[in-house]
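K.L.:
Following this message is one structure expressed as structure tokens.
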Amino acid sequence: MHSTDNMHSLETNLNNTRQRILTACASSGRDPKSVTLVAVSKTVDVETVQDAVKLGVTDFGENRVSELVHKREIVPEVRWHMIGRLQTNKVKDVVGRAWLIHSLDRWNLAEALQKRADILGLTVPVLLQVNIAREEQKAGVQPDEVLPFLKSIDQLSRIRIMGLMTMAPLNDDAEASRPVFRELAQIRKRLQRYKIPNVTLQYLSMGMSQDFEVAIQEGADLVRIGSSIFNNS
Ligand SMILES: *Cc1c(COP(=O)(O)O)cnc(C)c1O
């Protein structure tokens with residue numbers, strides 16, 4: 001349902017979320033301009049996305065390629081982020097459409113992205129997803145696999161690893177996420193000393209509705225927030 005009421009609650013949620021981002025930046029001495037809100041619009045209708053654009057949202061995240069493709073066609077003026085597990089058979093639709101893929105989690109996906117990008121003559125900006133909490137069911141490379149993965153990526157000339165992404169375990173207590181986020185930030189810091197071809201590590205994507213303030217305090221550049229804005233998960 002689409003109504004001015006919905007627009008009003010969206011505006012309230014968005015203002016609250018932005019205020020919380022500002023407060024987290026202030027509490028950690030960070031420039032608010034260094035933190036980008038990626039509004040996770042999975043399952044949200046296109047009209048609501050358009051309302052969010054009117055309210056100044058510039059970046060949207062989706063976890064399904066079909067939804068990203070559909071919404072991007074109607075709302076092409078913003079940046080679309082692919083944040084969910086990516087099957088290799090969906091790669092053909094996402095390359096050239098996602099501004100950033102947050103969920104590179106395995107080598108054969110990198111190879112599939114390379115192959116598609118080669119056909120289109122594009123480069124593919126991605127984040128390497130790291131399974132910091134070592135949860136069986138979570139995607140991502142293990143922390144000690146990050147460096148070898150990054151070093152191998154120059155074999156795949158069209159992949160650009162712009163940073164790292166992680167998901168903390170589901171938890172009611174945001175503080176439980178802090179060690180996870182801190183470890184990802186430490187991995188980035190350690191690896192930034194290596195000058196690895198096609199790897200920049202400028203972005204850390206971490207923090208969701210449950211824990212984005214903690215993520216910002218630990219150095220997140222991109223926060224992926226859905227339910228605090230759209231009540232969608
Ligand atoms: C859904 C989702 C989010 C947003 O989660 P919320 O709890 O709704 O803020 C962030 N990242 C990924 C990968 C997601 O799938």
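The values are calculated or read from the model by the stated rules, or taken from the named source; none is laboratory data. Just so we're clear, the structure is a prediction, and the values are computed from it rather than from any experiment. Ideal geometry is used to build each Cβ from the backbone, glycine not excepted, and the neighbour counts take in all protein chains shown. Calculation scope for accessible area: heavy atoms of the full protein, side chains included, ligands and nucleic acids excluded. Shrake-Rupley method; radii C 1.70, N 1.55, O 1.52, S 1.80 Å.
K.L.:
If each of ASP5 and GLN137 carries a label point 7 Å out from its Cα toward its Cβ, how far apart are those two points in nm?
P.N.:
Each label point lies 7 Å from its Cα, and together they span 3.5 nm.
K.L.:
If you filter the range 112-171 for GluC sites (Glu not before Pro), then keep DSSP loop positions with at most 14 other Cβ within 10 Å, what is left?
P.N.:
GLU135, GLU136
K.L.:
For the range 1-110, run through the GluC sites (Glu not before Pro) and keep only the ones in DSSP coil with at most 10 other Cβ atoms within 10 Å of their Cβ.
P.N.:
Passing both the DSSP loop test and the Cβ count: GLU77.
K.L.:
Mind checking Rg over Rh on the range 153-233, alpha carbons, Kirkwood formula for Rh?
P.N.:
With Rg and the Kirkwood Rh in hand, the quotient comes to 1.05.
K.L.:
Hey, another quick one. Using a 7 Å offset from the Cα along the Cα-to-Cβ direction at both LYS92 and ASN198, what is the distance between the two label points in nm, to one decimal?
P.N.:
Distance between the two pseudo-spin positions: 2.2 nm.
K.L.:
Ok, one more. Just how far, in whole angstrom, is the range 206-228 from the range 50-93 if you go by their alpha carbon centroids?
P.N.:
After rounding, the separation between the Cα centres reads 19 Å.
K.L.:
In Å², what does the accessible area per residue of the range 138-233 work out to with a 1.4 Å probe?
P.N.:
Heavy-atom accessible area per residue stands at 44 Å².
K.L.:
So for the range 1-101, Kirkwood radius off the Cα pairs, Stokes-Einstein at 37 °C and 0.692 mPa s: how many µm² s⁻¹?
P.N.:
224 µm²/s
K.L.:
Another one. So what's the range 78-142 giving for Rg/Rh, alpha carbon basis, Kirkwood Rh from the mean inverse pair distance?
P.N.:
0.98
K.L.:
Separation between the ASN231 and ARG182 pseudo-spin-labels, each 7 Å from Cα along Cα→Cβ, expressed in nm?
P.N.:
Label at ASN231, label at ARG182, 3.6 nm between them.
K.L.:
Under the 0.36 nm per residue contour assumption, what length would be gained going from the current alpha-carbon distance of VAL75 and VAL46 to full extension?
P.N.:
Full extension from VAL75 to VAL46 adds 9.6 nm.
K.L.:
Which percent of the accessible heavy-atom area of the chain goes to carbon and sulfur, probe 1.4 angstrom?
P.N.:
The C+S portion of the solvent-accessible surface of the chain is 48 percent.
K.L.:
Note down, for the range 75-233, the three equivalent ellipsoid semi-axes (square root of 5 times each alpha carbon gyration tensor eigenvalue), biggest first, whole angstrom.
P.N.:
One finds semi-axes of 25, 19, 14 Å for the range 75-233.
K.L.:
Next question, about the same structure. To the nearest 20 debye, what is the magnitude of the charge dipole of the chain about its Cα centre, counting +1 on the Cβ of each Lys and Arg and -1 on the Cβ of each Asp and Glu?
P.N.:
900 debye
K.L.:
Next question. What ranking do 18-25, 189-196 get when scored by the average of other Cβ atoms within 10 Å per residue, highest first?
P.N.:
18-25, 189-196
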